[in-house]
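Please treat every number below as a calculation from the coordinates, not as lab data. Because the structure is predicted, anything quoted here is derived from the model rather than measured. Positions of Cβ are generated from backbone atoms using ideal geometry, with glycine treated the same way; all protein chains shown enter the neighbour counts.
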């Protein structure tokens, strides 16, 4: 089973029935995620398996195209602060860079995933 890794549970989003993640798009990553729509992933937080989730949507957008509402829900921060955080994760990004918005459906976070 594939893994999706998180270093922090921003806005406690991993506790929700559906959650998002915003990741810098690279051609190999976009193809990888598009090919995995519908697949189940182990969800890891700080390298600890929390449970499983199904990838239900993949979208590629520019940072400026990410709706403020999604930035707020994803991070629990005002949009401007969320953009600062994203810029801090990825050094030297430009307006031309794109991001993958991944939406997952939480499946099982209390079952044995081994």
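How high is the FRET efficiency from residue 2 to residue 97, r the C-beta distance, R0 25 Å, rounded to 0.05?
On the way: r = 24 Å, r/R0 = 0.96.
That gives a FRET efficiency of 0.55.
How many percent of Cα pairs in the chain exceed 25 Å? Don't skip to the answer; put the middle values down first.
Values: 1223 of 6441 pairs.
Here the tail beyond 25 Å accounts for 19 percent of pairs.
Packing here is the average count of other Cβ atoms within 10 Å per residue, and on that basis the peptides 62-70, 78-86, highest first, run 78-86, 62-70. Based on C-alpha pairs under 8 angstrom that are at least 6 apart in sequence, the range 2-108 has a relative contact order of 41 percent.
Determine, for 33, 90, the number of other Cβ atoms within 10 Å of each Cβ, and report the residues in order from fewest to most. Write down the numbers at each step before the final one.
On the way: 33 22, 90 12.
In order of increasing Cβ crowding within 10 Å: 90, 33.
Label positions at residue 42 and residue 65, each projected 7 Å from the Cα along the C-beta direction, are separated by 3.4 nm.
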